[in-house]
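First the structure, in the form of structure tokens, and then the observations on it.
Quick note: the coordinates plus some simple rules give every number you see, no bench work behind them. Keep in mind that what you see is a predicted model, and the values were worked out from it rather than measured. Quick reminder, even Gly has a Cβ in these numbers, built from the backbone with ideal geometry, and neighbours come from all protein chains shown.
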Amino acid sequence: MISPHVEGVSFLITVYNKEKYVGEVIKSVIAQKGDFQKEIIVVDDGSTDNSPQIIEQALDGYKHKKIIRQANAGPACAFNVGVKAASFSFVKFIDADDAFHPDATSKLLFHMKDENVAMVIGMGEVYEKHREKFGGSSFFRLDHPLEFVVRNALSASSETLVRRDIYLEVGGCDQTLFVQGESYIHRISTNHPIVLSNDEVGVNIRTEEPGLNDNSLQIEHDRNAAFIRLLKDNPDIPIKIKRMIFRLAAKRAWRWARNINKTKFACDSVFWLIIFSYFPWTPVHEMLSPLTLGPYQKGNRPRVGGGNREA
């Protein structure tokens, strides 16, 4: 019996119709090296293929496991359900088509020796882009990360290790959204330090059918919706960041209107929102930002999340 919320890592795998890959992913989790306690939590988000049977087989004989099944509600909801069920103080997120290097978790866990760090993201590509800015070290700590997170549209799941208590304290993923990758990062980064490291933690092993990341409509809609929620929930964030959020959301929406909806130049309101975003006297970012969802709601409409707002 595991004592609740002690030092150790809960590996959280969220699954929806990943029968081709989830078995290999679980093997890579079981093979994680390191002197820390481990458990594996699998949240099956309403799979209709053979994923449930493969999960049972792959975890057969593994002592510390929890398998949770729910009606399909989306990754954001699945993340929150899994974190609530976690027994350990650290949670490692894992997409069901990402396999991990054996020492991946140990590398991320190293940065959690600093008790003030709420989250570590092993994202080599993003890290390398900013290496010189942060002195060329193998990682950098951001004490006030929100501006960096917003400016670089930081989104992650399998690359991330979080403190369970802080994830729950800030509300976890926003369950009014379907996609999980940004809202919990925004919420943690508002008031807590994070570490970005050059550790490449794993590889995507999906080879054929599209996954969630191929659903660009859902992804792009939820990226802007996460920004809108960030503004609404944090009215006191600096005006510089508010203006940046508003401008980035407007630019994204206009690219979609122009490239996907084939809207003519200046014939969509989001084009004019970009112009407004450069005016220093635009004080109503929270009121205007919802308009940046308009281009994504023409034709096929994106899904909404499947649960209440908080984790």
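For the range 81-88, the Karplus equation 6.51 cos²θ - 1.76 cosθ + 1.60, evaluated at θ = phi - 60°, returns couplings of 4, x, 5, 4, 7, 5, 8, 9 Hz by residue, with Gly and Pro reported as x. Taking a ≥ b ≥ c as the square roots of the Cα gyration tensor eigenvalues, the range 27-99 comes out oblate, since a/c reaches at least 1.5 and a/b does not exceed b/c.
Going through the cross-link list LYS33/LYS107; LYS33/LYS63; LYS20/LYS92; LYS27/LYS65; LYS20/LYS84; LYS232/LYS262, which pairs have a Cα-Cα distance over 19 Å in this structure? Let's see the in-between values first.
Numbers: LYS33/LYS107 10 Å; LYS33/LYS63 17 Å; LYS20/LYS92 22 Å; LYS27/LYS65 13 Å; LYS20/LYS84 27 Å; LYS232/LYS262 30 Å.
Pairs exceeding 19 Å: LYS20/LYS92; LYS20/LYS84; LYS232/LYS262.
Mind running the shape call on the range 215-297? Use the C-alpha gyration tensor, a ≥ b ≥ c as the square roots of the eigenvalues: rounded below 1.5 for a/c, prolate if a/b tops b/c, oblate otherwise. Since a/c reaches 1.5 but b/c is at least a/b, the shape of the range 215-297 is classed as oblate. In this structure the amide hydrogen of VAL9, modeled in the peptide plane, comes within under 5 Å of the amide hydrogens of GLN37, LYS38, GLU39, none closer than 5 places in sequence on its chain. Listed from fewest to most Cβ neighbours within 10 Å, the set SER89, SER216 follows the order SER216, SER89. Ranked by how many other Cβ atoms sit within 10 Å of their own Cβ, fewest first, the residues SER138, SER158, SER106 fall in the order SER138, SER106, SER158. Decide, for the range 137-219, between rounded, prolate and oblate: order the square roots of the alpha carbon gyration tensor eigenvalues as a ≥ b ≥ c, take rounded if a/c falls under 1.5, and otherwise choose prolate if a/b is larger than b/c, else oblate. Cα axes put the range 137-219 in the oblate bin.
Below 8 Å between Cα atoms, with a sequence gap of 6+, how large is the relative contact order for the chain in percent? Could the numbers behind the result be given before it?
On the way: 575 pairs, mean separation 62.1, N = 311.
Rounded, it is 20 percent for the chain.
Less than 5 angstrom separates the built amide H of LYS66 from those of ILE40, ILE41, VAL42, all sequence-distant by 5 or more or on a different chain.
Using a Gaussian network model of the chain in which every pair of alpha carbons under 10 angstrom is joined by a spring, one finds that among GLY299, GLY74, GLY82 the greatest mean-square fluctuation is at GLY299.
In the elastic network of the chain, a GNM with C-alpha springs shorter than 10 Å, the most mobile of ASN152, ASN224, ASN191 is ASN152. Taking every alpha-carbon pair under 8 Å whose residues sit at least 6 apart, the range 153-274 reaches a relative contact order of 20 percent.
What is the mean projected area of the alpha carbon convex hull for the chain, to one decimal in square nanometres?
Working: hull surface 65.5 nm².
Reported value for the Cα convex hull: 16.4 nm².
Calculated [222 nm] ellipticity per residue, helices only, for the chain: -10500 deg cm²/dmol; basis is -39500 (n - 2.57) per DSSP H run with n ≥ 4, divided by all residues, nearest 500.
For ILE237, no residue whose modelled amide H falls within less than 5 Å of its own remains once neighbours fewer than 5 places apart on the same chain are excluded.
Of all the options PHE140, PHE93, PHE11, the one that moves most in a Gaussian network model of the chain with Cα springs shorter than 10 angstrom is PHE140. If you add up the charges near ASN116, with Lys and Arg at +1 and Asp and Glu at -1, over every other residue whose beta carbon is less than 15 angstrom from its beta carbon, what do you get? Every neighbour counted, the sum reads -2.
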